[in-house]
1. Among the numbered criteria (1) hydrophobic (A, V, I, L, M, F, W, C); (2) within 20 Å of A87 (Cβ to Cβ); (3) surrounded by 15 or more Cβ atoms within 10 Å (Cβ to Cβ), which one does L175 miss?
2. Only residues that are over 14 Å from F173 (Cβ atoms), open to solvent by less than 60 Å² (accessible area, probe 1.4 Å) and at pLDDT 95 or above: list them for region 194-215, please.
3. Quick check: anything in region 71-81 open to solvent by less than 20 Å² (accessible area, probe 1.4 Å), closer than 14 Å to L152 by Cα and of a type in the set (S, T, Y)?
4. List, please: which pairs have Cβ atoms under 6 Å, are six or more places apart or on different chains, and start with a residue in region 138-165 that is on the phi < 0 side of the Ramachandran plot and in a helix (DSSP H, G or I) and end with one that is of a type in the set (D, E, K, R) and at pLDDT below 95?
5. Residue pairs, Cβ under 8 Å, 6 or more apart or interchain, first in region 103-120 and under 14 Å from P68 (Cβ atoms), second in a strand (DSSP E or B) and open to solvent by 20 Å² or more (accessible area, probe 1.4 Å). List them.
6. I need a count of the residues in region 20-38 that are in a helix (DSSP H, G or I), surrounded by 12 or more Cβ atoms within 10 Å (Cβ to Cβ) and over 18 Å from the mean Cα position of the chain (by Cα).
Amino acid sequence: MKPYVICLMHSSLDGRTHPSRWRPKGAGTDWFEKIHEELGGDAWVIGRVTGSEFAKGQPYPATKEKLPRENWLARRDSKTYGIVLDAQGKIGWGRSDIGGDPIVVVLTESVPDSHLAGLRGEGVSYVFAGKSEIDLALALDILHRELGVKRLLVEGGGVANGAFLRAGLIDEFNLILSPAIDGATGAPFVFSSTEADSDKRAPIAAMTLESTRELGGGVLLLRYLIKNDPTAASR
């Protein structure tokens, strides 16, 4: 079974997600955490690039220790978990939680033993979901089975969001839309892809506008329900 998956993002009117570039400045930028709390997820997930912004450590030192490619969970009792996709084990954390939510890293079996030893030493949980590339459907199944995650918030960056979208795993999209514009090249979008996935399309069969909510100051919260066609995934 998979959790109910909600993608939550905050963007300018042109779909960009770095508020520091928006004009006018500060347009509705205090709403993300409030809506995040309202949605009440058991866990939230971000990609490697976004996850790196929270890291405080350095790459882990080499080790001669050999460790099995088995899920290792330091905690199973948290109300909420912070999930980070890090297929090749690039992030040295220097911490075991983000905002009090225990970190759970989704890895592939190709990561070095030194990285696993480093994660264990810092009390950072990890699970395996693939040989060399992350199988997102498998990752969701593991999170549901091992940690009881029933409601997952997908919160960026754009490449991670796009991967979930193309895999047909997003059930609901909540967009906080601010009255601001970026208007220049180089900023990330709400949904994006790697070059390898640039020709793949999301298997969306229908989107239904469930609600529109005015948050004040011209900021809107748009809630869409998504119907996916599993036969069309990644075509």
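1. (2)
2. P203, L215
3. yes
4. So the pair list comes out as L140/K2.
5. As it stands, the answer is L116/W72; L119/W72; R120/W72, since those pairs meet every condition given.
6. So the count comes out to 1.
Per-residue answers, yes or no, for (1) closer than 14 Å to W44 by Cα; (2) of a type in the set (F, W, Y); (3) under 15 Å from the mean Cα position of the chain (by Cα); (4) buried (at least 16 other Cβ atoms within 10 Å of the Cβ):
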{"position": "H115", "(1), (2), (3), (4)": "no, no, no, yes"}
{"position": "E133", "(1), (2), (3), (4)": "no, no, no, no"}
{"position": "L143", "(1), (2), (3), (4)": "yes, no, yes, yes"}
{"position": "N161", "(1), (2), (3), (4)": "yes, no, yes, yes"}
{"position": "A184", "(1), (2), (3), (4)": "no, no, no, no"}
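The values are calculated or read from the model by the stated rules, or taken from the named source; none is laboratory data. Since the model is a prediction, treat every value here as computed from it, not as a measurement. Because the Cβ atoms are built from the backbone with ideal geometry, glycine has one as well, and the counts that use them run over all protein chains shown. Side chains are part of the model used for accessible areas, which takes the heavy atoms of the whole protein and leaves out ligands, DNA and RNA. Shrake-Rupley method; radii C 1.70, N 1.55, O 1.52, S 1.80 Å.
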